[in-house]
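Read the structure below first, then the notes.
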Amino acid sequence: MAKKFSRRDFLKGASLAVAGGVLAACGPTTAPTAAPEATATSGVVQPPTAVPTLVPTAVLVGTGTKELNFWTQWGAGYPDKVWGELAKLPEFKDYLGDYKLSVLNKSEDNLVTSLAAGVPPDCGANYNYLDYMARDVCLPIDDLFAASKHFKKADFLEPVWAVSTHKGKIYGMPFNECFVRYGMMINTKLVKDAGLDADKVPETWDELLDWHKVLTKFDSAKNLKIVGFDPTDFMMDSVWSTDGWAPGVSWDFTYYDEANAKFNLNNDQMIDCFTNHKKFMDVIGADNLAGLHAAEGQGVWGPAFDAQVETVVLQGYWACGQEVVSKPEIVPFLKYTWIPVPAARKGVKAQLAGGHTLLTFKGTKVPEGTYAMQEFCNTKVASDVIFKLAGFLPAVKSYLDTFDTSTTPGLDFFFKSSKEATEWHGPEQCPIVNFVGKTYIEVREKVARGQMTPQEAAKDLQDRCTEELKNAGFSS
Amino acid sequence: MAVTTAKRQKMSRMERRNFWLGLAFISPWLIGFLLWTVFPLVSSIYYSFTRYDLLRPPVFIGLANFVEIFTRDKTFGVVASNTLYYVLIGGPLSVVAAFLLASLLNLKIKGRSVFRAIFFFPAIVPAVVVAMIWSYLLNTQYGLVNGALQAMGMQVIRFLSQPSLAKPSLIMINMWASGTAMVIFLATLQDVPREYYEAATVDGANAWHKFWNITIPMSSPIILYNLVMAFIWGFQDFTLPQLLTGGGPNQATLFYSLYLYLNAFVYLRMGKAAALAWILFAIIVVFTLITFRLSGRWVYYGGGDD
């Protein structure tokens, strides 16, 4: 008698078929088509995929055999436009001829996760460098730099070394985007429209406050329409280990003593800074400013200045090139000058040099390659390309001395400031800089809303940062 | 009298075969569950007792994270009160809104299916899109809502930029997106026996009497379910506050999940973040238990005494 095909048999067979299908789908795919070799003219090898995707894809440059993975947060355009052009330079072959670079935009979260998982890239730039140097996940380059035939430490702006030096070791050279960070950017059209003399720019916070009161405008429903000076935007926003901190530059104090792992936030300068902040915010209204930022861009660093609803902000040298790209129609109205200082320091021309570096992560098989990238990017030809396509300037003194500032309106101020500054600052290197920044923003808002006095705010900031430094294991 | 002792029966060959076959078929899920649920869960318990920044090996510090959170972390109090406000007010409100909507959509009206689709639609819109839409609608200067208010000669409302209004605004947005609960209520309402309403009509009950004495009690188990889900979801809500307000203004919308994220990925305090996660778990468990304990007073189970 023929065996009947039961329901159980059917289910077994169907399950086996499904399982087989799943295993087949998980199996190795066929090898991808080899990417076209770079031509002598292009130097750029693009992956063979044509599928549009929102996930950033790596830009491959170079024809060497050694792979070098480079991650950055410098945004769309930097991997393909900048490195696409850099790869065409004859010097690229001299420095990086043995390498095939993969340049990829990746967020800080991605980098931290990759490091935690033990699969980091070979190198990275435009990240919170001290987080990685302080936690010993990078390789120092002292030996390679000491053996360099091309560069010496004195060739670079001295304060920028603070960004890539930790506990006496150098972890990277100044890379791509360095130079001075502080200037006051003024929309002179709005100044003149308000009846002020755009040639008599404020030098102190009190003078700027007088401008601010005239420049800040509301509509009939008391909505904020134009801000005179935004005390929370751009370089007033927070504190960074690459760009320093505006209060420290303006009031001349160092907020963190790296050698002794101690904070210096509860001092007269910080109190004065908070008091000053409240004066500006009293004119604007805390709720009004929050609403304005939400309108013109999500939060700070938004396009409010381009939309001409902010008249005066503190910005770095990069603003000159960025405004040419983002809002060329207002560039003729822009004026740059020194950042304001307290009245007692009138006449002080304060400046800070900061910038970026390239960190080489432990586990890399190509440390010489990542070092060669740094030397290459600091050559004149590479620096020209980087400035032309990204607006970034290196920290190489000889390059800066011969740079033609007429190419970009406003840049002459920043170059002049590098010669004429009477007071120089460098960015402090604090291992919990993110916490300091967030807490500073929090207590600053409380002062603005009258929930804390400036004295209480300074003490609170000091206490909480000191506590966090201990809890994070950086002090006892 | 002979006493028979129960002996553990050995599995027959067939039963053993079926057991291993069953295990084999569920192994993909089981492996995934162990790897991506159980292992991270157990790991996070361990990390909550360590100082761990993802970049260096964890250092065991005992209960220090928990002690810090409960005794020295000034922000924790703010975060806890914000979250409790959001959950205790937002949760019940969204359930009430969903229930009322479902009640209306249960009426025999023309185009009912169209209305059901329209009211369910917000529930399937991605959270990022919801955030973008509402940030423009509620904007103080240029938003549609304030534009309409100004056109009527009224004062603008600083929905997301005034600390006292930011949380209520987020609650309102969540009520708008309560389509999932609404659908569940709709199914429940359609299951209420018609005879009860007919009997009530015969006894002279009006619409309100029927709603209060029949509809709500018969739906109470699902109301309980949606309420518990709303509480659990409210404790863990991250996307809208992060995108709309970033925790501001003035920490008014700094909720638990946002604070946990800050500690984990911005401050690199993964150990403390793990401790926060387990504290949240404990809070949610306690909340759920209290809710179920109190439910005995108002939930009607038609099937019997539970």
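Residues checked against (1) more than 14 Å from every other protein chain (Cβ to nearest Cβ); (2) modelled with pLDDT under 95:
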position: A:Lys388; (1), (2): yes, yes
position: A:Thr407; (1), (2): yes, yes
position: A:Asn434; (1), (2): no, yes
position: A:Lys459; (1), (2): no, no
Examine segment B:150-159 for a residue that is in a helix (DSSP H, G or I), farther than 22 Å from B:Phe235 by Cα and either basic (Lys, Arg) or within 13 Å of chain A (Cβ to nearest Cβ) (or both), and state whether such a residue exists.
yes
Kindly list the number of the only condition in (1) more than 14 Å from chain B (Cβ to nearest Cβ); (2) more than 19 Å from A:Ala390 (Cβ to Cβ); (3) buried (at least 17 other Cβ atoms within 10 Å of the Cβ); (4) not hydrophobic (A, V, I, L, M, F, W, C) that fails for A:Pro120.
(1)
Is there any pair linking a residue in segment A:217-228 that is within 11 Å of chain B (Cβ to nearest Cβ) and surrounded by fewer than 16 Cβ atoms within 10 Å (Cβ to Cβ) to one that is assigned to a loop (DSSP other than H, G, I, E, B) and among the charged types (D, E, K, R), with Cβ under 9 Å and at least six apart or on different chains, and which?
A:Lys225/A:Asp219
Output the helices (runs of 4 or more DSSP H) that fall wholly within segment A:148-222 and possess 3 or more residues being in the same structural domain as A:Ile284 (by TED's automatic domain parsing), or say none.
A:188-193, A:205-215
Yes or no: segment B:71-79 includes at least one residue that is in contact (Cβ under 8 Å) with a residue 12 or more places away in the chain, buried (at least 18 other Cβ atoms within 10 Å of the Cβ) and of a type in the set (D, E, K, R).
no
With respect to the numbered conditions (1) without any contact (Cβ under 8 Å) to a residue 40 or more places away in the chain; (2) within 14 Å of another protein chain (Cβ to nearest Cβ); (3) within 30 Å of B:Val67 (Cβ to Cβ), which one is the sole condition not fulfilled by B:Arg51?
(1)
Which members of segment B:99-138 meet the condition of being within 14 Å of chain A (Cβ to nearest Cβ) and in contact with a Phe, Trp or Tyr (Cβ under 8 Å, 6 or more places away or on another chain)?
B:Tyr136, B:Leu138
Positions within segment A:347-399 being in contact with a Lys or Arg (Cβ under 6 Å, 6 or more places away or on another chain) and within 23 Å of A:Glu428 (Cα to Cα), in sequence order:
A:Leu352, A:Gly354
Of these, B:Pro40, B:Pro28, B:Pro58, which one is touching a strand residue (DSSP E or B) at 6+ places or on another chain (Cβ under 9 Å) and within 14 Å of another protein chain (Cβ to nearest Cβ)?
B:Pro58
Helices (runs of 4 or more DSSP H) contained entirely in segment B:10-74, each with at least 3 residues that are among the basic types (Lys, Arg) and modelled with pLDDT under 95
B:13-33
Counting only residues that are within 25 Å of A:Met173 (Cα to Cα), outside any strand (DSSP E or B) and in contact (Cβ under 8 Å) with a residue 24 or more places away in the chain, segment A:239-263 contains a total of 12
What number goes with the only condition from (1) within 13 Å of chain B (Cβ to nearest Cβ); (2) surrounded by fewer than 23 Cβ atoms within 10 Å (Cβ to Cβ); (3) over 21 Å from B:Val266 (Cβ atoms); (4) at pLDDT below 95 that A:Gly299 does not pass?
(3)
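Residue by residue, here is whether (1) over 23 Å from the mean Cα position of the chain (by Cα); (2) surrounded by fewer than 20 Cβ atoms within 10 Å (Cβ to Cβ); (3) in a helix (DSSP H, G or I); (4) not assigned by TED's automatic domain parsing to the domain that holds A:Tyr78 holds:
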{"residue": "A:Leu359", "(1), (2), (3), (4)": "no, no, no, no"}
{"residue": "A:Thr364", "(1), (2), (3), (4)": "yes, yes, no, no"}
{"residue": "A:Thr370", "(1), (2), (3), (4)": "no, no, yes, no"}
{"residue": "A:Met373", "(1), (2), (3), (4)": "no, no, yes, no"}
{"residue": "A:Val381", "(1), (2), (3), (4)": "yes, yes, yes, no"}
{"residue": "A:Asp384", "(1), (2), (3), (4)": "no, yes, yes, no"}
{"residue": "A:Pro394", "(1), (2), (3), (4)": "no, no, no, no"}
Please determine, by comparing only the residues of segment A:238-288 that are at positive phi, away from chain B (no Cβ under 14 Å) and out of contact with any Ser or Thr (no Cβ under 9 Å at 6 or more places or on another chain), which one is modelled with the lowest pLDDT.
A:Gly244
Take A:Phe156 and tell me if it is among the aromatic types (Phe, Trp, Tyr), within 20 Å of the chain's Cα centre (by Cα) and more than 14 Å from every other protein chain (Cβ to nearest Cβ).
yes
What is the residue count in segment A:93-117 for residues that are polar (S, T, N, Q) and more than 14 Å from every other protein chain (Cβ to nearest Cβ)?
2
Restricting to segment A:114-144, what's the tally of residues that are of a type in the set (S, T, N, Q) and either part of a loop (DSSP other than H, G, I, E, B) or not assigned by TED's automatic domain parsing to the domain that holds A:Gln374 (or both)?
2
Are any residues in segment A:143-176 loosely packed, with under 15 Cβ neighbours inside 10 Å and over 14 Å from A:Leu359 (Cβ atoms), and if so, which ones?
A:Asp143, A:Ala146, A:Ala147, A:Lys149, A:His150, A:Lys152, A:Lys153, A:Ala154, A:Glu158, A:Lys167, A:Gly168
Residues of segment B:140-149 satisfying the condition of being of a type in the set (Gly, Ala, Ser) and facing chain A (nearest Cβ under 9 Å):
B:Gly143
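The values are calculated or read from the model by the stated rules, or taken from the named source; none is laboratory data. This structure is a prediction, so every number in the text was calculated from the model and none was measured. Note that each Cβ is placed from the backbone with ideal geometry, even for glycine, and that neighbours are counted across all protein chains shown.
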